[in-house]
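The values are calculated or read from the model by the stated rules, or taken from the named source; none is laboratory data. Everything numeric in this text was worked out from a predicted model, so none of it was measured. So basically every Cβ, Gly included, is an ideal-geometry build from the backbone, and we count neighbours across all protein chains shown.
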Amino acid sequence: MVIDVQITSLFTAVALIIIGIFAAAFLDNLIKKIIGLAFIGDGVNLFLIAMGYKPGGIVYIYLPGMAAEWFSQNAAYPLPFAMVLTSIVIGASTMAVMLGIIIVLYKKRGSLSAKEILGE
Amino acid sequence: MNLLIPLMVIVPILCALFLNLLHKKDRTIKTIAIILALLLPALPLLANYGLHYFGGYAPLIENPTLSNNLPSLITGTALNTFHPAITYSFQSAQKIFVFILGLVGLLAIFTSLYETRRPSGVYGYMMFMGIAAVTAILLTDDIFNLYVFFEIAALATVGIVLVSNVKGNYETALKYMILGGIAAPLFLLGIALILGVTGNVNISDIIYSLQNGLVDPKNPVLLMACGLIVFGWLYGSGLPPFHTIKSAIYSKALPSGAALIQTFSVFIFIALGIIILRIFSYLPFSQWVILGASLLAMILGITMAIVQTDIKRMIGFLAVGELGYIGIGLGLGTAFGITAGLFQAVNEVIITAFLFIGFGTVLYQTRVSDTRKLGGMLQRNPLVAFLVLIAGFAMAGVPPLNAFQSKLMLIQASITAGFPELGVIMILLSIVTFMTFMKAFHAVFLRPKPVDLELKNEDIPKATIITLLVFLVVCIIIGLFPQVVTSYLQPLATSLAGGIV
């Protein structure tokens, strides 16, 4: 049985997003909430990568000797990958700020419970 | 190519980085920040209208020398007209929006430098970075570029709150970031779905694909993308269900920071609202979504403001309610309605900043924001009391101030568009706004001073008074000569209403 990589990736992405939303919304531990948010971000990134996947495609780098028409038909669309790179950087910065805030709150309150700290 | 267009974004970013380097060098920061902030409103005034292609990559149709050497597989299709680079569009509406953003930014930075004993380079960094991000959101024609700056604006907002040193700021900032951690990736997912269907992230190209049959507009994936982008719009601008966290964010910032953060919210609201109108105007329910969300924001924001005892929280909820007025104008879909909505956005930014900084003087003097513990401030500062009163009148839409003109236009637009009920609701809510403001004004300025109320600072900085006077002059000028602003907004409104985008 051949499993379609693109479809599998899309389903995995959706699963990651749903698990992430569940964790962020319902788990009490702040670190677990942040891990949930990372899942959502990763799910969206995987979704973008899966969209840009081209079976048998080549990297979007035009090398000397390549025929322009062959290249345009076989190269993968590079835009989703460029977007994912940017998205990873944004996700990392947001995560760093959130973790920094949690460290400060933990030092102040001595707890990681969202119910206790955020009053949820 | 007009180089001043990208400079409107690059200059505040450079200013932010420079101020951060000068952290702890108080006097230098003060002088340099003011000089740099003067550039914010000056650049949009100096720039000419036009498009800016990053890297200089114009669409092939504009570059025949390049397109002559390419195969017809590219030049003979829609690829010939598509934008290969990130494109910034600077037209008359952007000119007035970026100018107002720059003006409020300048005044907020100016006030903050004199209200804090030791000006913080990090605080200045956050303010400049937020201004750069929102300017980019207003200028960009690329929806992914918009997402990037949307996130930067959210981080700058959180940064302003964190640096503000107000009790409970860390908790509120974390809550805001957790909600953003859900909403922002879902917004990106919406953009990814649009990219998947149209192959584009340039908004003009997406619209071209939809209008010229390159893509089926009835594709259900586009419906889902619309829903996700609307969700991002609700979060970014603080519409329900995010109205409580947004008003909490305002209340945990210093008054100058809150004035700037609400400016970010309003401009993100209109930038994303315009994009929803441009891309999804063919969907019959898009107008209803905007109208429904705006009506809910208006009713919830203003009614929740009545019961607040914290001044900043009250202004925050009023600001959310005022967003509803802007949305009603956009949702009506007529050229006059959209002009009125955009005009209301300009007025709201000025008035809410005026109120935050005006009431902020009371916080500066007493360090108390609870209206139940305040009173007798009229005797202390009659001039400030008068200026705050004018700001409240402006927000309620009392003539001849600026919001009177925009609210009158909105009511006229709702009647001519066949929604007189909306006009009635807007009048009623303006009365409630006035009542809410007068309740707070009475508690802070008119009631006798409580015995236990101590003044921590005797004198209000002159910079704050100058800022309030500038806001007063702007409110009066726009109120007496509304065409000064509306003439800039009409071309965009006409093109949005006519579907020419």
* Structure fact -> Filtering segment B:192-221 down to residues that are closer than 22 Å to B:ASN145 by Cα, surrounded by 16 or more Cβ atoms within 10 Å (Cβ to Cβ), free of Cβ contacts under 8 Å to residues at least 60 places away in the same chain and of a type in the set (A, V, I, L, M) yields B:ALA192, B:LEU193, B:LEU195, B:VAL197, B:VAL201
* Do the conditions hold for A:PHE81, that is, is it away from chain B (no Cβ under 11 Å), at pLDDT below 95 and either touching a helix residue (DSSP H, G or I) at 6+ places or on another chain (Cβ under 7 Å) or in a helix (DSSP H, G or I) (or both)? -> yes
* **Test result for B:LYS167, of a type in the set (Lys, Arg), surrounded by fewer than 23 Cβ atoms within 10 Å (Cβ to Cβ) and either under 21 Å from B:SER256 (Cα atoms) or facing chain A (nearest Cβ under 8 Å) (or both)** => yes
* To do: Determine the pairs where a residue that is closer than 19 Å to B:VAL9 by Cβ, located within segment B:25-50, has a partner that is loosely packed, with under 13 Cβ neighbours inside 10 Å with Cβ atoms under 9 Å apart, the partner being 6 or more residues away or on another chain.
  => B:ALA47/B:LEU3; B:GLY50/B:MET1
* Asked: For segment A:85-94, does any single residue satisfy the condition of being more than 24 Å from B:ASN202 (Cα to Cα), of a type in the set (Gly, Ala, Ser) and within 9 Å of chain B (Cβ to nearest Cβ)?
  -> yes
* Asked: Residues B:LEU355, B:LEU332: which one is modelled with pLDDT of 95 or more, farther than 21 Å from B:VAL484 by Cβ and crowded, with 24+ Cβ neighbours inside 10 Å?
  -> B:LEU355
* Asked: Of (1) in contact with a Leu (Cβ under 8 Å, 6 or more places away or on another chain); (2) more than 10 Å from chain A (Cβ to nearest Cβ); (3) over 26 Å from B:LEU295 (Cβ atoms), B:GLY213 satisfies all except one. Which?
  -> (1)
* Could you count how many residues in segment A:65-104 are among the hydroxyl-bearing types (Ser, Thr, Tyr) and either farther than 17 Å from A:ASP42 by Cα or buried (at least 17 other Cβ atoms within 10 Å of the Cβ) (or both)? -> 4
* Structure fact -> Checked B:LEU489, B:LEU387, B:LEU472 against criteria (modelled with pLDDT of 95 or more, under 20 Å from B:LEU342 (Cβ atoms) and surrounded by 15 or more Cβ atoms within 10 Å (Cβ to Cβ)); the one match is B:LEU489
* To do: Please find, among B:LEU113, B:LEU155, the residue that is more than 14 Å from the chain's Cα centre (by Cα), surrounded by fewer than 24 Cβ atoms within 10 Å (Cβ to Cβ) and closer than 25 Å to B:PHE359 by Cα.
  => B:LEU113
* Tell me which residues, restricted to segment B:108-156, are more than 14 Å from every other protein chain (Cβ to nearest Cβ), in contact with a strand residue (DSSP E or B) (Cβ under 9 Å, 6 or more places away or on another chain) and of a type in the set (D, E, K, R). => B:ASP141
* Asked: Any residue at all in segment A:46-67 that is part of a helix (DSSP H, G or I) and over 22 Å from B:ILE194 (Cα atoms)?
  -> no
* Structure fact -> Going through (1) more than 10 Å from every other protein chain (Cβ to nearest Cβ); (2) of a type in the set (A, V, I, L, M, F, W, C); (3) in contact (Cβ under 8 Å) with a residue 60 or more places away in the chain one by one, A:MET98 fails only at (1)
